[in-house]
Amino acid sequence: MDSIELELFQILGISLGLGLLVGLQRQHDQSELAGIRTFPLITLFGTISGLLAQHFGGWVVAMGIASMAGLVIVANLIKLRNPPFSPGLTTEAAALLMYAVGAYLVFGDKTVAVAIGATVAVLLHLKKKLHGFVKRIGEKDLKAIMQFVVISLVILPILPDETYGPYNVLNPHNIWLMVVLIVGIGLLGYFAYKVFGQKSGTLLGGILGGLISSTATTVSYARRTKDHNHTSTTLAALVIFIASAVSIVRIIVEVAVVAPGTIATVAPPLAAIFLLMLILGSLMYFFKGDDQDQMPEQGNPAQLKTALVFGAVYAAVMLATAFAKDYLGSSGLFIVAVISGLTDVDAITLSTARLMNIGNLELLSGWRIILTAALSNLVFKAGLVGVLGSRAVFGRVALMFGIVLAGGLLVLWLWPANFILALE
């Protein structure tokens with residue numbers, strides 16, 4: 001058997017397998033239009049049409065799709081005469097798409113075709129879960145989705161991809177791209193919160209709070225401790241601490257997205273701080289007892305006002321970073337990191353990652369600046385707890401954050417990479 005025949009049988013085998021996969025799901029769902037026998041025939045029909053089109057032209061595939069549409073229409077008309085039958089579009093759309101997948105196997109990438117076929121099967125299988133998710137979405141949640149669409153798919157494409165302003169560092173497209181990244185992470189946490197509900201438990205509550213906003217979570221739980229009958233101080237301190245630990249992971253993810261080539265240098269020291277926080281959080285979780293609490297209602301992270309504010313903060317941090325580096329050198333960036341980290345660690349993280357990515361900042365200085373901002377943010381959140389929360393919760397948070405702060409300073413001073421830098 002030569003290579004051409006082998007490839008032909010491989011295409012036909014993939015086509016048959018994808019048809020069987022989708023057909024199995026439709027048969028299990030008791031579809032009246034097509035099942036485990038019909039779908040393999042549909043995908044094979046698409047593949048054969050593609051093979052014929054190689055010799056006779058693309059009109060063969062076009063006639064095939066027209067024939068498929070006609071068969072679907074006729075089948076539905078016949079079944080309408082035998083009630084009860086409620087015609088839908090899901091199986092019909094799947095049939096037409098699987099025909100196209102069968103034809104694409106001949107002309108396109110087999111991996112892409114397999115991915116599409118598998119996605120179709122998964123989407124069909126998740127019908128109840130997807131419908132249930134849609135039912136749980138309220139007007140506020142739909143508004144969040146639409147606002148994110150505006151932020152990411154309407155505003156971003158029209159912004160100029162050119163640099164402006166002092167030091168030639170303000171690029172509207174790049175600035176807004178960072179806005180999309182931060183809002184996207186927050187929106188992911190927000191919808192995870194909607195899926196798991198308010199009774200998400202202490203551990204998950206802290207994780208979701210860290211994804212959405214660790215500062216907002218700190219404020220919310222600190223305030224709740226003013227009423228001792230509402231939230232225990234140990235529980236509140238634990239959620240605040242978990243959210244702050246997750247924010248370290250969030251920083252690592254942001255660096256990996258913006259400057260993937262730097263992650264091997266930046267991630268280890270930050271991961272060491274996260275490991276310390278993980279150990280401390282585990283000890284606190286073990287001693288917290290059986291206290292449980294509902295996670296407070298989360299705000300919409302995709303509000304246009306919030307996005308504009310972050311964009312302005314990020315642009316200001318970029319200017320401040322360029323100014324500090326120009327007049328004070330790399331040491332001046334630590335001052336910017338401390339000030340910026342007090343309110344928004346994301347902005348200085350993304351700005352520093354960008355500088356490292358374009359080669360304007362040494363990697364060993366970059367991770368230290370980011371870690372400094374993260375530690376500054378912990379100090380700021382501890383201050384918030386002191387102002388807004390009870391004395392008991394402030395004592396617990398101050399103790400835990402104090403240990404992390406000491407560990408962070410040791411990492412800044414003793415991390416092995418610093419010795420390598422000294423040797424160079």
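The values are calculated or read from the model by the stated rules, or taken from the named source; none is laboratory data. If you're wondering where the values come from, they're calculated on a predicted model, not measured in any experiment. Every residue, glycine as well, gets a Cβ built from its backbone with ideal geometry; the counts of neighbours run over all protein chains shown.
For region 326-335, state whether one or more residues are under 30 Å from Val179 (Cα atoms) and outside any helix (DSSP H, G or I). Break it down into steps so the answer makes sense when it comes.
Let us first name the residues in region 326-335 that are under 30 Å from Val179 (Cα atoms), namely 326-335.
Among the residues that remain, those that are also outside any helix (DSSP H, G or I) are: 329.
Yes, that holds for at least one residue.
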Answer residue from region 128-161, given it is part of a loop (DSSP other than H, G, I, E, B) and surrounded by fewer than 11 Cβ atoms within 10 Å (Cβ to Cβ) and is modelled with the highest pLDDT among those: Pro160
Number of the condition not met by Thr343 [criteria: (1) surrounded by fewer than 20 Cβ atoms within 10 Å (Cβ to Cβ); (2) β-branched (Val, Ile, Thr); (3) modelled with pLDDT of 85 or more]: (3)
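Identify all residues within region 190-208 that are closer than 24 Å to Phe286 by Cα and at pLDDT 75 or above; write none if there are none.
Just the residues of region 190-208 that are closer than 24 Å to Phe286 by Cα, to begin with: 193, 196-208.
The answer is Ile207, Leu208.
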Checklist (1) modelled with pLDDT of 70 or more; (2) surrounded by 13 or more Cβ atoms within 10 Å (Cβ to Cβ) applied to Met295, failing item: (1)
Residues Gly289, Gly261, Gly281: which one is of a type outside the set (Val, Ile, Thr) and at pLDDT below 80? Gly289
Looking at (1) farther than 14 Å from Trp176 by Cα; (2) modelled with pLDDT of 70 or more, which one does Tyr314 not meet, given that it meets all the others? (1)
Test each condition in (1) of a type in the set (A, V, I, L, M, F, W, C); (2) closer than 18 Å to Val257 by Cα; (3) crowded, with 20+ Cβ neighbours inside 10 Å for Leu363 and report the one that comes out false. (3)
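Within region 227-276, track down each residue that is in a helix (DSSP H, G or I) and of a type in the set (Asp, Glu). Can you show your working first?
Narrowing region 227-276 to residues in a helix (DSSP H, G or I): 233-258, 260-276.
Answer for region 227-276, where residues must be in a helix (DSSP H, G or I) and of a type in the set (Asp, Glu): just Glu254.
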Kindly indicate whether Arg354 is in the same structural domain as Val253 (by TED's automatic domain parsing), assigned to a helix (DSSP H, G or I), among the charged types (D, E, K, R) and closer than 21 Å to Val253 by Cα. yes
Do you know which residues across region 340-370 are of a type in the set (Val, Ile, Thr) and free of Cβ contacts under 8 Å to residues at least 24 places away in the same chain? Ile358
